[in-house]
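Peer 1: Just dropping this structure here.
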Amino acid sequence: MKCDKCSAPAVLFQRYSGLHLCKAHFFADVEKKIKKEVRKEQIEGTLAVAFSGGKDSAVVLTVLHSLFAHRGAEIIAITVDEGIAGYREKTLESAATLVAKLGVRWRVASFEEHFDVTIDRLGQRQCTICGILRRSLLNRLAKMVGASTLATGHNLDDEAQTVLMNYLRGDIDRLLRLHHPVKEGLVRRVKPLKYVPEKEVALYAILKGIPMSLDECRFATGVFRAEVRGLVNEIESNHPGTKYALVKGLDRILGLMQPEPFQLGRCTQCGEPTVTTLCQSCKILKSLRPKGPETD
Ligand code: SF4
Ligand code: ZN
């Protein structure tokens with residue numbers, strides 16, 4: 001099969017666009033989508049990339065480095081080590097290979113040093129706790145390295161699943177928070193792969209020879225997300241373009257609503273932004289501490 005834009009052999013058929021693309025046109029298509037997302041934000045100064053070593057963040061780091069390095073903007077890779085033996089060491093190894101290849105600065109911070117916990121030591125709720133602590137630590141790390149923006153590796157599949165999960169739960173507050181304007185104390189986020197399907201991220205990484213880890217965390221459960229993933233994939237295969245429509249649809253609704261940025265307070269414990277007195281990570285950490293003896 002030939003590329004619909006030139007006569008070179010196609011490496012991909014995009015059902016949602018109806019196009020066969022050769023390697024060069026596929027690369028250009030992915031990079032165009034990334035540039036479009038990044039241009040929505042005014043990126044100045046230092047840009048942090050949440051970098052796990054997996055395919056998504058490896059592609060984000062590589063493409064943003066090629067876009068910004070020559071413009072004088074500094075890219076810093078930031079990685080959270082959750083304390084998951086047998087998994088994180090391997091992803092850190094492949095992360096180290098990519099940062100060395102690109103020559104970008106890299107900062108790693110662990111739950112152990114910042115929160116005095118590791119995911120391995122928890123007996124339950126690993127993913128819930130891990131997600132909350134990781135978001136908090138990434139925000140702190142981004143501020144520590146002086147970044148004005150934090151890029152994450154969420155791809156179109158992740159975003160479509162999250163949008164649908166929140167609709168199905170009726171969690172409109174969370175849905176609005178997904179796309180809310182900048183909040184004070186939170187480093188502005190950008191998701192360069194928001195409109196790139198997961199399979200295309202993987203194909204891009206493979207064809208470009210980007211070092212990445214394919215290891216999976218043994219705690220990955222997420223039953224509800226797995227159900228929603230199956231559902232979205234099935235509808236996408238019968239109705240190509242559904243994932244895009246889910247994500248774009250929410251963007252359009254929020255664009256029409258133009259929600260006001262909501263104000264955040266400061267956590268009384270750690271000073272991080274929060275809507276309640278204690279931030280989510282301090283609440284979680286408090287619940288994990290052994291209760292001391294009653295004193296009165
Ligand atoms: Fe953390 Fe769960 Fe992801 Fe493992 S699968 S890294 S525990 S969020
Ligand atoms: Zn706190």
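Bear in mind that the values in this text are calculations on the coordinates, not laboratory data. Just so we're clear, the structure is a prediction, and the values are computed from it rather than from any experiment. Quick reminder, even Gly has a Cβ in these numbers, built from the backbone with ideal geometry, and neighbours come from all protein chains shown.
Peer 1: Specify whether the C-alpha gyration tensor of segment 223-288 places it in the rounded, prolate or oblate class, a ≥ b ≥ c being the square roots of the eigenvalues: rounded for a/c under 1.5, otherwise prolate if a/b is larger than b/c and oblate if not.
Peer 2: oblate
Peer 1: Hey, another quick one. Run through the DSSP bridge list for the chain and note the antiparallel percent, rounded to the nearest 5.
Peer 2: Bridges in the chain that DSSP calls antiparallel: roughly 30 percent.
Peer 1: So which GluC sites (Glu not before Pro) in segment 1-45 pass both tests, a DSSP loop state and at most 15 other Cβ atoms within 10 Å of the Cβ?
Peer 2: For GluC sites (Glu not before Pro) across segment 1-45 that sit outside H, G, I, E and B with at most 15 neighbouring Cβ atoms in 10 Å, the list reads Glu44.
Peer 1: Mind checking segment 1-104 for trypsin sites (Lys or Arg not before Pro) that DSSP puts in a loop (not H, G, I, E or B) and that have at most 13 other Cβ atoms within 10 Å?
Peer 2: Arg15, Lys40
Peer 1: Another question about this same structure. Note down the net charge around Gly86, summing +1 for each Lys or Arg and -1 for each Asp or Glu among other residues with Cβ under 15 Å from its Cβ.
Peer 2: Residues close to Gly86 contribute a combined charge of -3.
Peer 1: Taking the dipole about the Cα centre of the chain, with the C-beta of Lys and Arg at +1 and of Asp and Glu at -1, give me whichever of Val275, Gln124, Ile235 is farthest to the positive side.
Peer 2: Towards the positive end, the residue furthest out is Ile235.
Peer 1: Give me the Kirkwood hydrodynamic radius of segment 34-286, using the inverse of the mean 1/r over all pairs of distinct Cα atoms, in Å to one decimal.
Peer 2: 19.1
Peer 1: Expressed as an acute angle from 0 to 90° and rounded to the nearest 10, what is the orientation of the C-alpha long axis of helix 23-39 relative to the principal long axis of the chain?
Peer 2: 40
Peer 1: Right, here's the next one. Which net charge results when you count Lys and Arg as +1 and Asp and Glu as -1 among the other residues whose beta-carbon is under 14 Å from that of Lys283?
Peer 2: +3
Peer 1: Mind listing the long-range amide H neighbours of Ile76? Cut-off is under 5 Å, sequence gap 5 or more, other chains count too, H placed in the peptide plane at 1.01 Å from N.
Peer 2: Under 5 Å from the amide H of Ile76 lie the amide H atoms of Leu47, Ala48, Val49, each far enough along the sequence or on another chain.
Peer 1: Using Cα atoms only, what is the angle between the long axis of helix 198-208 and the major principal axis of the chain, expressed in degrees (0 to 90) to the nearest 10?
Peer 2: Around 70 degrees separate the two axes.
Peer 1: For the ranges 228-238, 153-163, 139-149, 248-258, what's the packing order if you count other beta-carbon atoms within 10 Å of each residue, average per peptide, and put the highest first?
Peer 2: Descending packing order for the listed peptides: 153-163, 139-149, 228-238, 248-258.
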